[in-house]
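*Asks:* The structure follows.
Nothing in this text is a laboratory measurement; each read-out follows from the coordinates by a stated rule. Note that the structure is a prediction, hence the values are computed from the model and not measured. With ideal geometry, Cβ positions are generated from the backbone for all residues, glycine too; neighbour counts draw on all protein chains shown.
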Amino acid sequence: KILDLSNNSLSSLAPGAFQKLRYLQVLNLTRNMIHYIENKTFSFLPHLKELDLSSNSIIRLPETFGNSTGNITLLSVKHNKLQKMERVLLESLPNLKVVLFKDNPWQCNCNVFGLKLWLESFLYRGGISDGIICSAPGIRKGKDLLTVPYELFGACPLRTAHFHLHHHSSEHRSSLKHPHHSEHGENSRSNCEPKPKPRPVSLRHAIATVVITGVVCGIVCLMMLAAAVYGCAYAAITAKYHREHLAPVREHGTPEEKEPFDSSLA
């Protein structure tokens, strides 16, 4: 159930090295000289729960450890030479509870954006981790990957950035079926390339709001203009009426005003 291979100067592991150890639960490979782990190295270990790969010289991890490694609860890759880690590998370990990343030269660029998203989700679900400290680029050296703003990954290729919106299971399955093709694609797109920013969906609502507001304001202005024209016309008609009908009366006087004058002469 427990196999301790630490301090043995191992430089590589054959894919079928552990094929007969079906009841193995704890595998310790610390303090060796392992440079990389091949795909499915730990296949046929359905009961494996703890895998310690720390203190080696590992520069690359595969997209999967094996067909039956879903029961791993602890994974340690600290004190290695890892610059990135595939999110697909971590997602193939659904029962993972503890993962240790300490002391690796992590490159905090587009290649670790998926790892950042996975780690946030992992910690939210109650997982335990010692965090990822950036070694490069220089402006992010010494910073925790979780504190790097999402905006700094805005220029990453859509293949990496799409994890922020949706997880496409079809692409996931395709990468598992064609690991060599996926690995070649990663190398060809290792650098971040500027991409045009997509038009926000909310912009359409903003434009509609502006149009509706403009129409309403136009109607109100027309009503105010009509009221002003009506008021001016009414004032003009009233003034004309006063000039035509009241002015003569004021000049000659009314019958009531003249009658007392005539009676006094009589």
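*Asks:* Any idea what log10 I(q)/I(0) is at q = 0.18 Å⁻¹ for the range 57-160, Debye with uniform C-alpha scatterers and no solvent?
*Replies:* Computed log10 I(q)/I(0) values: -0.87.
*Asks:* Amide H of Thr64: which non-local residues (sequence gap of 5 or more, or other chain) have their own amide H closer than 5 Å, using H built in the peptide plane?
*Replies:* The answer is Lys40.
*Asks:* Give me a comma-separated list of calculated 3J(HN,Hα) values for the range 139-144, in order, Karplus coefficients 6.51, -1.76, 1.60 applied at θ = phi - 60°, integers in Hz, x for any Gly or Pro.
*Replies:* Karplus values, whole Hz, x for Gly and Pro: 5, 10, 4, x, 8, 6.
*Asks:* Moving to a separate point now. So what are the ³J(HN,Hα) numbers for the range 54-64, from phi and the Karplus equation (6.51, -1.76, 1.60; θ = phi - 60°), rounded to whole Hz, Gly and Pro as x?
*Replies:* Couplings: 6, 6, 10, 10, 5, 10, 8, 10, x, 7, 7 Hz.
*Asks:* With labels modelled as points extended 7 Å from the Cα through the Cβ direction, what inter-label distance (nm, one decimal) is found for Lys141 paired with Met224?
*Replies:* Simple spin-label model gives 6.2 nm for this pair.
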